[in-house]
Structure formats: C-alpha cells, structure tokens
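Let me begin by presenting the structure, written as structure tokens, before commenting on it.
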Amino acid sequence: MSLDNILNHWSDYRKGAEEGGHHDYEHRWAMAINLDLCIGCNACSTACYAENNLAVVGKERFEKGQAMHWMRIERYWDQQELEHPEQGASFLPMMCQQCGAATCEPVCPVAATYHTPDGLNAQVYNRCIGSRYCSNNCPFRVRYFNFYSYYESSWPEPMEQQLNPDISVRDKGVMEKCTFCMQRIRSVKDKAFMEDRPVQDGEMVPACAQSCPTSAIVFGDTMDESSMVSKLWKKHQVERGVYQKTKLAKKDADLRGYRIFEELNVDPSVMYLERVREDI
Amino acid sequence: MVVMNRLINPGAGFARAGLAGMVFLAMLLMSSMAMAVKYDVVPPSGTHTGEDVPQPIEFPHDIHVKDNDINCMYCHTYARRSKVAGIPPTSKCMGCHKVIATDKPRIQQLTKYWEDKESPPWKKVHDLPDFVHFTHEKHLKTLAFDRDFPVEDVKEICAFCHGDVENMTVANKVKPLNMGFCVNCHIANKDLGAPGDCWKCHK
Ligand code: SF4
Ligand code: SF4
C-alpha cells in the first residue's frame, strides 16, 4: 500500500476485520504458540537479536525502560500456593501480534506504520519520525524505541560483520518491533516468484520458530487452508475477526487456543495455546 | 511518444540535435514508433550527472557492447539469477583475452592482475542505500523473460536504470536511482505487477 493509497482510501483502510478487513490480502501470516511446550529458554529471543540486528542496550538503559527486545519472554508465577512458587513458573513469548486492526497504525502522523497486503503491520524506518504515538497506543507494549544510536556501542569491531544485510540497522529516533521476519518472508516470496509457484507451507520459518528447541512456535499462512497454522487455529476454534468467542466446549481439554486482548477488537495474528496444569 | 523515446535512449538528448537536427528528428520519430510496438513498459524518467568513478582499468563498455555486440548478461551473469548483477570474475575476462587483443596496454594490465592472482579492485558505480531491497532477477523476469522480450536486446531494459552504457567507456551513473525514480516507474507499470507496497523495497 502506497501513501497515495492510504490517503485516498483512509476509511476503507480502517475497516475492522469483522467487515472483511481493509485489504485484498495475498497472505495472512500467523503464529500458533504452544505455551505447554515453551520452557522459557530465551532461544527465540536470542535468535531474534541475531536475525534482526537488534542492539544490546545494557542493564542500565534496560532498567530505565529503554529496552530493546522484539521477542520477550514474560514470566508468571501463577501457582502461589506451592511450597516453592517458582516451580510453577510459566512463560509466554511476547512479540508484535501483527494485529489485523492494529491500534498503532492510525495514530502514526506520517504513515510509517501501515498494513501490508501480507496482513502484517509494517514499520518503515526511513519514514519514522520518532513521535512514539504507535508505541503508546499498542496494547501489548511490544514496540521499542531507539533512544540512542547504537551503531558503534552495540557492535564493536569486528562484531558488525555479523549484522544481517537483509535488514537495516536502525538509527536513533526510530521505532522498531517484530516484523514476523519480513526479510525472510520477502526472500521466500521472491524465490516462489522466480519459480512461478505459490509459497509453500513450511517454507517460511521466522528466526524464533527456527531456533525453538521444543518447536513451540508454528508459523504459517492462515489463508492457506492446508497450512499447519490454519489447522491449529481451526482445531482450537480461534478465528480471525471473531472476538470474545464463547467456547461452548471450553471444558474440552483440547480447546486451549486464545488470542491475547481479543476483546479489544485488534484481531491479533498470534494464537496461544494455554498451558495444561496437573492438579497437585 | 517523442518524449518516451528520449527516455528509452537517454543519449538522444535534444541538445545534441545541432546541425543534423532534421535527420535526427526523423530518426527519432521512426525509432519511437518501433519502440511503441516493442514496449508496453513505461520506462522510468529522470537524469543524473554522476561523478566519474575511476576504475583500475579503463574498461571500455562501448567496444564490448556496441562494436562486438556482447550481451550485458554474458559478463553480468548474476543479473538474471540474483539480487545483484555482479562484476565478472577475472577468469571470465581471461576467457577471451587470453587470445584477443593481447597486444593492447589495457589487456596487458588485466593479464598482469591475472598472473599475479589478484582481482582488479573494481569500484561500484550504481550503489543503492542499505535500506533498499532491490533484485535484478525479478525485474528481468518481469520485463524480459515473462514477456518474451528478445534477450539479445536486453541492454534496452538495462538502460532504463543504467543509461546508455553502450556508449560509455567506464560506466557512469546517469540515472538518479532515488525513490521518486523507482516509484514513478512502479506506478506507471502497475499493470505489469509493479508493487506499490513500502515493504516491497524498504527493509
Ligand atoms: S501488537 Fe502492537 S505494534 Fe503490533 S500490530 Fe498490534 S498494536 Fe501494532
Ligand atoms: S518473527 Fe522474527 S522478528 Fe518476530 S519475534 Fe520472531 S524472530 Fe523476532
């Protein structure tokens, strides 16, 4: 979608998913994260740093709230009744949910964040003026701001050699967040284009899913009915554009799927599968 | 039509018309008609005066392309296979120049590099910023191979962005290659599938 298009079709552009969304989508990339498999090892987070040229801000800046980690592992101790509550820790990998009706998009004064025909919430670093409205409007708090220019401090020689050339190194004053590894999506799509075929399920694997030792993260295209992720979404009765689903069969142990903040009408693209607890 | 032709043949600026103006204009008109049949692509517009980029050997593109009719993709062989067109390895040069024009000083210079097992430190002329994703292969597929465009004429497509390399010695940047240049061409060629999405190019 070009700026021209955004300006001319602004009202269409803001249509929610329940009205069919604002695009003729080519793909709708989505995830399914099985929290029962997540062991909180942070491999995904580390892989994301490496893949996406994320700066290491250091402890001090982290404490000031200037953290930079597109994929963060949230920890919860929800079994306080245990003798050692930390035994009951559960983890939740949290990154940009690539909302279908993203709240971060309409507030950007320069349309640096917008919706792509892939159903992704894009961030164009060159366009970003650093107003940080988007970050304040994101219910998931997954946008990170470059408060400093990290180029030299974060990658001292010869570390800059390991930077990924397929994605730019962001500079001071620019907002960034998980992109569903769009550089990988792009190369997969380019490859499919060169070979005159559609993108296959399983071809596109983001860095986090690739590095997960327990394969907790499944990635795919929900427009492709036969993809693994579509099947998982269907199996757990999670649907796009359907909010606050009354899951009649909630007692069914297999129906564990939910999307965070579904009730906010943001239509996230990430489905989580609840952790199964033993009764102690 | 005339304007369009001028864009296709960037060397054919009106400023050069001079005395041979009439003949020139007639030729221009004729060739523009021929072009109109051949292309349904609207070429990008814009000019740029690039600085001279001194190369280790003054490589004559004109001798190779114009005089000897060698296809661009014979040497820049990665253009149809990858993002970058690539500078040919010295072995490619030596494939011919082991026997051809071995008495010429530039070839002797090249042979010296070859014998010293060094590659000439060629300089990049058309350099896009790091935040731009551009692929040669997709452009060539869309503009040439998918449209049954005669491969022997591929230099006319290369000329969209690289100018009239046929008449240059060492290449010079004569097109702006900025965002407006790309976007206008993409808007004009929407029907060919030129995307308008920011994330297609920005990374
Ligand atoms: S999770 Fe936040 S940053 Fe990502 S699309 Fe939704 S509102 Fe935007
Ligand atoms: S999809 Fe890519 S960018 Fe997003 S959290 Fe995973 S590795 Fe990071």
What residues does the stretch B:154-203 have that are buried by at least 50 Å² of accessible area in the full protein assembly compared to the chain on its own, 1.4 angstrom probe? B:ASP197, B:CYS198, B:TRP199, B:LYS203
In Hz, Karplus ³J(HN,Hα) per residue of the stretch B:160-174 (6.51, -1.76, 1.60; θ = phi - 60°; x = Gly, Pro): 3, 10, 10, x, 8, 4, 3, 9, 10, 8, 6, 5, 9, 7, 10
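Report the charge-dipole magnitude of chain A in Debye, nearest 20, computed about the Cα centre from +1 at each Lys and Arg Cβ and -1 at each Asp and Glu Cβ. Display every interim value, and only then the final one.
Numbers: 32 positive and 40 negative charges, 95 e Å.
For this selection, approximately 460 debye.
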Run the numbers on the stretch A:169-204: which residues show a drop of 30 Å² or more in accessible area, chain on its own versus all protein chains together, using a 1.4 Å probe over heavy atoms? A:MET182, A:ARG186, A:ASP190, A:PHE193, A:MET194
Note to self: with every protein chain in place and a 1.4 Å probe, the stretch A:3-273 gives an accessible area per residue in Å² of 48
Pick from A:GLY65, A:GLY257, A:GLY202: which is most flexible by mean-square fluctuation in a GNM of chain A where alpha carbon atoms under 10 Å apart are linked? A:GLY65
Please name the residues of the stretch A:124-139 whose accessible area, counted over protein heavy atoms with a 1.4 angstrom probe, falls by no less than 20 Å² between the chain alone and the full protein assembly. A:VAL124, A:ASN126
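Filter the cross-link list A:LYS172/B:LYS173; B:LYS138/B:LYS175; A:LYS191/B:LYS124; B:LYS155/B:LYS203; B:LYS83/B:LYS173 down to pairs whose alpha-carbon distance in this structure exceeds 22 Å.
Working: A:LYS172/B:LYS173 31 Å; B:LYS138/B:LYS175 20 Å; A:LYS191/B:LYS124 26 Å; B:LYS155/B:LYS203 29 Å; B:LYS83/B:LYS173 19 Å.
Among A:LYS172/B:LYS173; B:LYS138/B:LYS175; A:LYS191/B:LYS124; B:LYS155/B:LYS203; B:LYS83/B:LYS173, the Cα-Cα distance tops 22 Å for A:LYS172/B:LYS173; A:LYS191/B:LYS124; B:LYS155/B:LYS203.
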If the chain between A:ASP36 and A:SER226 were fully stretched, how many nm would it gain, using 0.36 nm times the residue separation less the Cα-Cα distance? 66.0 nm
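Rounded if a/c is under 1.5, else prolate if a/b is larger than b/c, else oblate: which is the stretch A:183-240, with a ≥ b ≥ c the root eigenvalues of its Cα gyration tensor? If you can, show how the numbers build up before the last one.
On the way: a/c = 2.76, a/b = 1.32, b/c = 2.09.
Note, shape of the stretch A:183-240 comes out oblate.
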Considering the dipole of chain A built from charges on the beta carbon (Lys and Arg +1, Asp and Glu -1) around the Cα centre, which of A:VAL238, A:ASN42, A:PRO268 is farthest to its positive end? A:PRO268
Quick one: Cα centre-to-centre distance for the stretch A:152-221 and the stretch B:87-121, in angstrom? 40
Rounded, prolate or oblate: pick one for the stretch B:126-203, where a ≥ b ≥ c are the square roots of the eigenvalues of its C-alpha gyration tensor, a/c under 1.5 means rounded, and failing that, prolate if a/b is larger than b/c, else oblate. oblate
Aspartates and glutamates whose Cα lies under 20 Å from that of A:LYS235, excluding same-chain neighbours fewer than 8 positions away: A:ASP36, A:ASP201, A:ASP221, A:ASP224, A:GLU225, A:ASP252, A:ASP254, A:GLU262, A:ASP267, A:GLU274
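Classify the stretch A:76-145: rounded, prolate or oblate, from the alpha-carbon gyration tensor (a ≥ b ≥ c, eigenvalue square roots; a/c under 1.5 rounded; otherwise prolate if a/b is larger than b/c)? Walk me through the intermediate numbers first.
Values: a/c = 3.73, a/b = 2.72, b/c = 1.37.
Judged from the Cα gyration tensor, the stretch A:76-145 comes out prolate (a/c at least 1.5, a/b above b/c).
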Counting protein heavy atoms only and a 1.4 angstrom probe, how many square angstrom of accessible surface do chains B and A bury in total, to the nearest 100? 1900
Putting +1 on Lys and Arg Cβ atoms and -1 on Asp and Glu Cβ atoms, find which of B:LEU177, B:PHE160, B:CYS201 reaches farthest to the positive end of the dipole of the stretch B:138-203. B:CYS201
Eigenvalues of the alpha-carbon gyration tensor of chain A, times 5 and square-rooted, give semi-axes in Å, largest first, of 28, 26, 19
Just the accessible area for A:ARG127, please: 1.4 Å probe, Å², rounded to the nearest 10? 80
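The values are calculated or read from the model by the stated rules, or taken from the named source; none is laboratory data. Computed from a prediction, not measured in an experiment: that's the story for all the values here. Backbone-built Cβ (ideal geometry, glycine too); neighbour counts: all protein chains shown. Accessible surface areas use protein heavy atoms only, side chains included; no ligands, DNA or RNA. Shrake-Rupley method; radii C 1.70, N 1.55, O 1.52, S 1.80 Å.
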